[in-house]
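To keep things clear, I will list the structure first and then write my remarks on it.
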Amino acid sequence: MLYVCSLLTLAALLALFLNGSFAKEAACFHLLFAPFSMDFYTAVLHISLDNGEYQKFSPLRPYVVDFLNHHVNPSSVTLTPLWELLCQTHVVSAWNSVISVLWWSSNTHVCWSTFMMVLFSQAAQLSHRNAHTPASRKHWLCRCLENTGFFLGTKFHQQHHKTYSSNFSTLNGWATPLILVLQEFFPVASVFWLVVFGACTVTLALWMSLPGWASVLLLSWW
Ligand SMILES: [Zn+2]
Ligand SMILES: [Zn+2]
């Protein structure tokens, strides 16, 4: 199943490259927007799956159990084989890859955002693993990304493991200020987060393609 999803992701990429023109400006907008939107998404996903109450929904149960187990034994994430860790993101990205391949393959922005989504969701897995890796064992590239703010800081993520009520981001923490503002209105136990998680999951590629459309509109107005 995971291999099929990987192939679908590659097919989405192929569709992207076989497509017509794609403004460089749009690609840049996507590149800036994707790390933010994926950080927002990972935080919303994390808030939802940290909620033990949702074990009663059987499709969510294995993921909720996984997240709660991570709180009990945080360092185990560094022992999971890398390939397995990266493939876990296909649970979310496969749906959007299928849409890109089968339906919107003529739309470069949706294909490109699918690519960005796959890339940054896997970066989030790496970033989270890096946050739990002892300093002496961190890969130099991950350390560099952490020091430049493109990956989570270890201290930042450890804060989550102390309180379980903040710092839910798992990619870079860029969306944390927005999440904290939303937390003022919607506590972590609120069903709001599950609704946003569900809505984001099924429309992720479409939502992440927004900057592409925005830049095209901006350019045509220019
Ligand atoms: Zn957590
Ligand atoms: Zn963690």
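Some points to look at:
- Matching entry among Val188, Val196 (being in contact with a helix residue (DSSP H, G or I) (Cβ under 6 Å, 6 or more places away or on another chain), within 14 Å of ligand 1 (Cβ to nearest atom) and β-branched (Val, Ile, Thr)): Val188
- Flag if Val44 is within 16 Å of ligand 1 (Cβ to nearest atom), free of Cβ contacts under 8 Å to residues at least 24 places away in the same chain and aliphatic (A, V, I, L, M): no
- Any pair with Cβ under 8 angstrom, 6 or more apart, that starts in segment 61-77 at a residue that is under 18 Å from Pro134 (Cα atoms) and ends at one that is β-branched (Val, Ile, Thr) and part of a helix (DSSP H, G or I): His70/Val77
Let's see how each residue does on (1) of a type in the set (S, T, N, Q); (2) buried (at least 23 other Cβ atoms within 10 Å of the Cβ); (3) at pLDDT below 85; (4) touching a His at 6+ places or on another chain (Cβ under 8 Å):
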| position | (1), (2), (3), (4) |
| --- | --- |
| Ile47 | no, yes, no, no |
| Gln55 | yes, no, no, no |
| Pro62 | no, no, no, no |
| Leu79 | no, no, no, no |
| Glu84 | no, no, yes, no |
| Val92 | no, no, yes, no |
| Ser121 | yes, yes, no, no |
| Ala124 | no, yes, no, no |
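- Among the residues of segment 50-60, those identified as away from ligand 1 (no atom under 13 Å from the Cβ) and free of Cβ contacts under 8 Å to residues at least 24 places away in the same chain are Gln55, Lys56, Phe57, Ser58, Pro59, Leu60.
- Criterion: closer than 30 Å to Pro59 by Cα, more than 16 Å from ligand 2 (Cβ to nearest atom) and among the small types (Gly, Ala, Ser) - qualifying residue of Ala131, Ala189: Ala189
- Flag: Phe156 does not match the condition of being away from ligand 2 (no atom under 16 Å from the Cβ), modelled with pLDDT of 90 or more and surrounded by fewer than 23 Cβ atoms within 10 Å (Cβ to Cβ).
The values are calculated or read from the model by the stated rules, or taken from the named source; none is laboratory data. What you see is a predicted model, and the numbers here were worked out from it, not measured in a lab. FYI the Cβ positions are ideal-geometry reconstructions off the backbone, even for glycines, and counts take in every protein chain you see.
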